[in-house]
Amino acid sequence: MSSGTDAAEARGYERKFVTELSPQAITGLLRVHPAGFRRIYQPRTVNTLYLDDPLLLSYWDNAVGVSKRHKLRLRWYGEGVATRAVNLELKEKQGYLRAKRVISLPAVRVGGEALDALPGVLKEANLDANLRRLLLATRPVLLNRYRRAYYRSADARFRLTVDDAIQVRRARGWRVEPWPRALPYRVVELKYERAAAPFAAAIGQRFPFRLSRSSKYAVGVELLFDGV
């Protein structure tokens, strides 16, 4: 089996919004937005398995508003059980600034409730000491799945995603419970580079959406775990 390799290391800024509007209504609003957002890719299903330590430190950092925080996760795309490429992602955030390191892992059979192939892939991957340390200190906590649509502004300075049909399931070891819980809203994320940062607030003010710092992971933990 081949080793994992760094596929990308991206830095930029991100603003997150939540809304109960339908995807169709959101698309309509984006079309009349002065920035001229248009869809750029076909929507696809995103699967994300979040790893956290036994005390749910990543969750609590978000809940109490720690400015500088990180999340460790495994991500793949598509529905059902199939052989798919999987990425290990370390996402760091400080205010609106975000950095994401993506490590490409070998393709494995993954999906549904069974994630049994993932530990072996991680064990054989060529990871640095920091990632090994994080993996040893964490365990699977939550799987979320949603449908993501992709947009870009007319001047190409802003990218935007709309996440719909968001479901979360609790992980127990490398298996997840078969009973999903649905989040009752859509998540809109506005992404941009430093040069466009002075204009981001004006872009966001034209959205009838609520600015939010809460993550899908944090909301999922609150839905699925008692006493947090």
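Read the figures in this text as sums done on the coordinates, not as results from a lab. As the structure is a computational prediction, the values presented were derived from the model and not from experiment. Here the Cβ is made from the backbone with ideal geometry for all residues, glycine too, and neighbour counts use every protein chain on show.
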Are there DSSP H segments in the chain that both extend 30 Å or more along their axis (alpha-carbon positions) and score a mean Kyte-Doolittle hydropathy of at least 0.0? List them, or say none.
none
Calc'd 3J(HN,Hα), the range 99-109, phi into Karplus 6.51 cos²θ - 1.76 cosθ + 1.60 (θ = phi - 60°), Hz, glycine/Pro = x, comes to 9, 9, 9, 10, 10, 7, 9, x, 5, 9, 7
Rg over Rh of the range 139-228, using C-alpha atoms and the Kirkwood radius, what does it come to?
1.06
Using Cα pairs under 8 angstrom and six or more residues apart, how large is the relative contact order of the chain, in percent?
29
Taking only the Cα atoms of the chain, how large is their convex hull per residue, in Å³?
127
Just rank V102, V108, V64, fewest to most, by other beta-carbon atoms within 10 angstrom.
V64, V102, V108
Once Lys and Arg get +1 and Asp and Glu get -1 on their Cβ, which of F225, V187, L51 lies farthest toward the positive end of the dipole of the chain?
V187
Could you tell me the center-to-center distance, by alpha carbons, between the range 150-228 and the range 44-84 in angstrom?
12
Among T161, T83, T138, whose mean-square fluctuation peaks in a Gaussian network model of the chain (Cα, cutoff 10 Å)?
T83
Net charge dipole size for the chain [Lys, Arg +1 and Asp, Glu -1 on Cβ; Debye, nearest 20]
540
By counting other Cβ atoms within 10 Å of each Cβ, how are Y150, Y185 ranked from fewest to most?
Y150, Y185
Which of rounded, prolate, oblate describes the range 1-104, given a ≥ b ≥ c as roots of the alpha-carbon gyration tensor eigenvalues and a/c under 1.5 marking rounded, otherwise prolate only if a/b is larger than b/c?
oblate
Where does each of S104, S58 land when they are ranked from fewest to most other beta-carbon atoms within 10 angstrom?
S104, S58
Prolate/oblate/rounded call for the range 89-200, Cα gyration tensor, a/c under 1.5 rounded
oblate
What residues qualify as long-range amide H neighbours of L142, i.e. H under 5 Å apart, gap of 5 or more or another chain, H built at 1.01 Å from N?
Y50, A171
